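Here is the structure we will look at, set down as structure tokens.
The numbers here are math on the coordinates, done by the rules we state, and not lab data. Predicted model only: the values in this text are computed from it and were never measured. Neighbour counts are summed over all protein chains in view; Cβ atoms, including those assigned to glycine, are modelled from backbone coordinates with ideal geometry.
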Amino acid sequence: MGSRKVEPMTFAGGQAGPGTFNRWPVTSDQVPRRYDGPHADPVAFLLLLIAGTCGVAQYLISGFPVGQSQALGGTVVTGKQLLSDLSAHDTSTASVTRIAILVTTVGGGALLLLAITTLLPINHSPLGAVALVISLAVVAASIWFLAQAARVLGSPASALLSTDHLGWYLTAAAALVGVVGSLKSLGG
């Protein structure tokens, strides 16, 4: 067997061989391709922004009916007022309700911060997982409010679900929109 000389191949874009970059023979493929890396996620931003705003708003806006089961009726308080009213009671149910208010409020603030991070060109999956955990905690808080309305607030669940009172609806919106926004952040 003799020694053969290997000739470099010639393409439309030039010669290819050892020490040269191989180019495709198609002219349209000669353009450098953009790296499809991390990018901002405006849909996740909007969803997490709405969820966070609802979580914080339930603390500031009157919307929790207290004492509606009483003969004289009751009042409608903000989450902040409800938190201070419940601090006078030393029961486990009142303690869990205070925690539920704080989880919704602080979780709403955290969702607002996480919403801002979705505008950065980074991998959003770890932050989306954090947002999902926070949103699931707010889901648990909204279920707690509904299940314990008569016991803690002195109002039936129907009073909590009244369209006149926004407290529970803001909590539920923070939970549901937060879950959707965090799943969007995880997937995109």
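Just a few scattered comments:
- Table column - 3J(HN,Hα) (Hz), the range 45-60, Karplus curve with 6.51, -1.76, 1.60, x for Gly and Pro: 4, 5, 5, 5, 5, 5, 4, x, 5, 5, x, 6, 5, 5, 7, 9
- With K and R counted +1 and D and E -1, the other residues having a Cβ less than 14 Å from that of Leu86 yield a net charge of +1.
- Distant-in-sequence amide H partners of Leu119 (H built 1.01 Å from N, under 5 Å): Asp41
- The HN-Hα couplings worked out from phi for the range 89-102 by the Karplus form 6.51 cos²θ - 1.76 cosθ + 1.60 (θ = phi - 60°) are 8, 10, 10, 5, 5, 5, 5, 5, 5, 4, 5, 4, 5, 5 Hz, whole numbers, x standing for Gly and Pro.
- From phi via Karplus (6.51, -1.76, 1.60), per-residue ³J(HN,Hα) for the range 139-146 in Hz, x at Gly/Pro: 4, 4, 5, 5, 5, 4, 4, 5
- Local electrostatic count at His124 - Lys and Arg +1, Asp and Glu -1, tallied over other residues with Cβ under 11 Å: 0
- Each of Thr171, Thr53 has some number of other Cβ atoms within 10 Å of its Cβ, and from fewest to most they run Thr53, Thr171.
- Summed residue charge, Cβ within 14 Å of Thr104's Cβ, Lys/Arg positive, Asp/Glu negative: +2
- 5 angstrom amide H check on Val76, placed H, neighbours 5+ away: Val66
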